[in-house]
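Here is the structure we will look at.
The values are calculated or read from the model by the stated rules, or taken from the named source; none is laboratory data. Small disclaimer: the values here were computed from a predicted structure and weren't measured. In this analysis, Cβ positions are derived from the backbone assuming ideal geometry, glycine residues included, and neighbour counts consider all displayed protein chains.
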Amino acid sequence: MSNFVLLGACFLLGVLLRWSGRLPDNAAATLNGFVVNISLPALTLTYVHGLELDSNLILPALMAWIMFGLGCAFFLVAGRVLRFSPATTGGLMLTGGLANTSFIGLPMIQTFYGAEYLGLGILIDQVGSYFVLSTLGILVASYYSSGHAVSVRAIARKILLFTPFQAFVLALLLMPVEYPAWLDALFRQLGATLVPIALVSVGYQLHLSQVRGKALPLTFGLVFKLVLAPALILLLFAGLFGDRGEILQVTVFEAAMPPMIGASIVAMDHELDPPLLTLMVGIGIPLAFLTLPLWHQVLGLF
């Protein structure tokens with residue numbers, strides 16, 4: 001319950017700060033920069049370093065990659081049919097194709113499935129969601145923000161210079177090395193800043209008055225993220241691969257999480273329709289509190 005209170009409080013504080021006018025207009029950019037360059041890398045250095053990889057966990061680790069590919073295909077077609085702008089299409093690919101598998105996904109796993117499955121959630125989040133964001137996500141953001149094809153060299157440079165990706169590689173290299181207690185505590189404390197700062201940033205940028213102009217792409221984005229994407233993952237993993245049991249349930253449950261805040265921040269950094277991105281996260285998170293219990297009931301059948 002304390003996690004839910006924190007989510008709601010930080011989001012509302014961001015809204016109140018905007019109404020109060022106490023922060024400068026570019027405050028959100030500063031908050032987002034802190035999350036991308038400090039909070040996310042610290043979180044990665046904490047949890048990737050401690051992962052114990054197992055061949056039985058290949059499908060959960062691949063879930064985010066498959067879902068992102070499905071999302072890109074879905075929004076590419078939808079964007080062309082409905083004539084969305086390139087920025088809108090790219091923004092939907094990032095926020096509709098990547099789930100919030102960390103600070104919403106992990107508390108939800110603990111609440112519905114128990115703490116013993118948090119390790120699986122961390123694997124899905126770090127090897128899946130954040131690694132996708134650090135590679136394919138940067139590629140999509142770079143392409144749709146430029147409005148034209150970008151060189152492979154330019155995209156590779158962006159990926160290599162993306163701080164969370166650098167942290168991921170460093171964490172893998174440091175796996176055999178045990179962190180000193182003070183360093184582990186430092187990474188954990190810095191990583192813990194992701195939740196409050198990211199949600200304050202989202203709340204600060206949310207304009208509900210913009211829903212009317214963004215209703216169509218917002219509807220397509222949230223329906224895909226909260227309903228269609230997890231349904232496709234369930235159909236693929238249970239139907240095609242014949243997977244069953246708690247690992248399948250937790251994997252699909254993670255796929256059903258609301259849009260990923262880290263993805264929205266990267267998309268905003270590339271100017272991919274920021275008003276739509278804040279609506280995707282700001283409305284998607286509270287809406288997921290209604291859809292996730294329903295998914296838990298459905299997954300109980302598998």
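From the list G90, G114, exactly one residue is in contact (Cβ under 8 Å) with a residue 12 or more places away in the chain and either surrounded by fewer than 17 Cβ atoms within 10 Å (Cβ to Cβ) or not aliphatic (A, V, I, L, M) (or both). Which is it? Even if it seems obvious, please write down each step before you answer.
On the way: G114 fails: in contact (Cβ under 8 Å) with a residue 12 or more places away in the chain.
Criteria check complete, one pass: G90.
Looking at the structure I just gave you, is W65 among the aromatic types (F, W, Y), more than 17 Å from M280 (Cβ to Cβ) and modelled with pLDDT of 95 or more?
Criteria met by W65.
Looking only at region 251-269, filter to residues that are outside any helix (DSSP H, G or I) and within 15 Å of C72 (Cβ to Cβ); which one of those is farthest from the chain's Cα centre (by Cα)?
Per the criteria, the residue is P259.
Please pick out the residue among M63, M67 that is within 23 Å of A141 (Cα to Cα), surrounded by 15 or more Cβ atoms within 10 Å (Cβ to Cβ) and in contact with a strand residue (DSSP E or B) (Cβ under 8 Å, 6 or more places away or on another chain).
M67
Let's see how each residue does on (1) more than 15 Å from the chain's Cα centre (by Cα); (2) under 21 Å from L216 (Cα atoms); (3) surrounded by fewer than 13 Cβ atoms within 10 Å (Cβ to Cβ):
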position	(1), (2), (3)
V15	yes, no, no
N26	yes, no, yes
L40	no, no, no
C72	no, yes, no
T95	no, yes, no
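Can you tell me which of (1) at pLDDT 80 or above; (2) crowded, with 24+ Cβ neighbours inside 10 Å is the one I104 doesn't meet?
Single failed check for I104: (1).
Tell me the residue from L218, L234 that is in contact (Cβ under 8 Å) with a residue 24 or more places away in the chain and more than 25 Å from V36 (Cα to Cα), please.
Matching residue, one of L218, L234: L234.
Scanning for something closer than 26 Å to L6 by Cβ, not in a helix (DSSP H, G or I) and not hydroxyl-bearing (S, T, Y), does region 279-300 turn up at least one residue?
Within region 279-300, not a single residue is closer than 26 Å to L6 by Cβ, not in a helix (DSSP H, G or I) and not hydroxyl-bearing (S, T, Y).
Residue by residue through region 189-220, note down the ones that are more than 21 Å from A27 (Cβ to Cβ), at pLDDT 90 or above and surrounded by 15 or more Cβ atoms within 10 Å (Cβ to Cβ). Outline the logic, then answer.
At the first step, the residues of region 189-220 found to be more than 21 Å from A27 (Cβ to Cβ) are 189, 191, 211-220.
Checking the rest, the ones that are also at pLDDT 90 or above come to 189, 216-220.
The answer is P217, L218, F220.
Given the conditions (1) touching a Leu at 6+ places or on another chain (Cβ under 7 Å); (2) more than 25 Å from I38 (Cβ to Cβ), which single one is not true for M268?
Exception for M268: condition (2).
Pull out all pairs, ordered by first then second residue, where Cβ-Cβ is under 6 Å, the residues are six or more apart or on different chains, the first lies in region 1-17 and is at positive phi, and the second is surrounded by fewer than 15 Cβ atoms within 10 Å (Cβ to Cβ) and at pLDDT 75 or above.
none
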